[in-house]
Amino acid sequence: MKEYRPLIRDIPKGERPRERLKEKGESYLSNAELLAILLRTGVQSESVLELATRLLAKFGGIEGLMRVSFEELCREHGVGEAKACQIKAALELGRRMLSISSEDRPKITSPQDAVNLVPEMGFLEQEELKVICLDSKNRVKGIYTVYKGNVGSSIIRSSEVFREAVKQNSPSIIILHNHPSGDPTPSEDDIEITKELLKAGRILNINLLDHIIVGRGKFVSLRERGIGEPWLT
């Protein structure tokens with residue numbers, strides 16, 4: 001009898017890693033959920049999410065998976081050569097990313113530099129809010145999508161905006177969001193959001209350097225309008 005291999009689509013819709021990634025962004029997913037997306041299928045006695053959780057527990061998390069040999073990984077029930085290759089390839093990409101010298105990372109010296117990093121934003125059909133985490137020399141540590149859909153003051157939570165900056169010990173961030181209408185003129189809501197995030201950043205000791213609103217082929221920097229922290233040098 002053919003072995004039943006549960007797929008990610010067999011998990012309840014609200015709990016599927018792929019759906020959560022699409023709706024909230026990859027930074028919201030746990031290590032087990034990210035690994036489950038790579039694995040794709042489980043085995044008869046174990047869902048793909050359970051398989052991912054077991055592997056992380058057995059080998060001591062992501063670091064352990066990096067150290068374990070290809071052969072040992074292949075011997076794990078539910079893995080095999082194909083999945084072991086996928087895991088090892090993904091981990092190696094991550095390792096290579098970490099090995100990139102900080103001097104090679106883009107440096108933000110103006111609002112235009114920030115907008116250039118996300119050229120697609122002016123053409124999105126729905127609102128998105130992205131956070132650029134910076135180091136002490138304004139070099140990019142990462143770009144994260146925090147919200148998709150309605151970017152309003154009643155929706156945005158400071159804890160979510162600053163989440164990655166806290167994780168990475170980033171001294172400053174820049175946030176960007178788009179206006180699907182194409183007109184980047186700030187609304188009262190946009191200004192209020194910026195002021196609230198400035199307050200939260202001061203409490204966390206993280207500078208909000210700018211809030212940039214992106215339209216079709218143009219943008220508005222609230223920092224240039226006097227709303228933002230002094231730029232680091």
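The values are calculated or read from the model by the stated rules, or taken from the named source; none is laboratory data. What you see is a predicted model, and the numbers here were worked out from it, not measured in a lab. For neighbour counting, all protein chains shown are included, and Cβ atoms are generated from backbone atoms with ideal geometry for every residue, glycine included.
Summary of computed values
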item	result
Single match in Cys85, Cys133 (criterion: out of contact with any Leu (no Cβ under 7 Å at 6 or more places or on another chain), farther than 18 Å from Val220 by Cβ and part of a helix (DSSP H, G or I))	Cys85
Test result for Glu120, assigned to a helix (DSSP H, G or I), outside the structural domain of Leu176 (by TED's automatic domain parsing), free of Cβ contacts under 8 Å to residues at least 60 places away in the same chain and surrounded by fewer than 16 Cβ atoms within 10 Å (Cβ to Cβ)	no
Which numbered condition Ile175 misses (of (1) surrounded by 22 or more Cβ atoms within 10 Å (Cβ to Cβ); (2) not assigned by TED's automatic domain parsing to the domain that holds Leu129)	(2)
Members of region 54-81 found to be of a type in the set (A, V, I, L, M) and within 15 Å of Ala36 (Cβ to Cβ), listed by number	Leu55, Leu56, Ala57, Ile62, Leu65, Val79
Residues of region 168-182 satisfying the condition of being among the polar types (S, T, N, Q), touching a residue at least 24 places away in the same chain (Cβ under 8 Å) and under 18 Å from Leu208 (Cα atoms)	Gln168, Ser170, Ser172, Asn178
Unmet requirement for Ile212, which otherwise passes all of (1) of a type in the set (Val, Ile, Thr); (2) assigned to a strand (DSSP E or B); (3) loosely packed, with under 15 Cβ neighbours inside 10 Å	(3)
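Listed here are the residues, each with its yes/no results for (1) of a type in the set (Val, Ile, Thr); (2) in the same structural domain as Asn116 (by TED's automatic domain parsing); (3) at pLDDT below 90.
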| position | (1), (2), (3) |
| --- | --- |
| Asn138 | no, yes, no |
| Val146 | yes, yes, yes |
| Asn150 | no, yes, yes |
| Phe162 | no, yes, no |
| Ala200 | no, yes, no |
| Asn205 | no, yes, no |
| Thr233 | yes, no, yes |
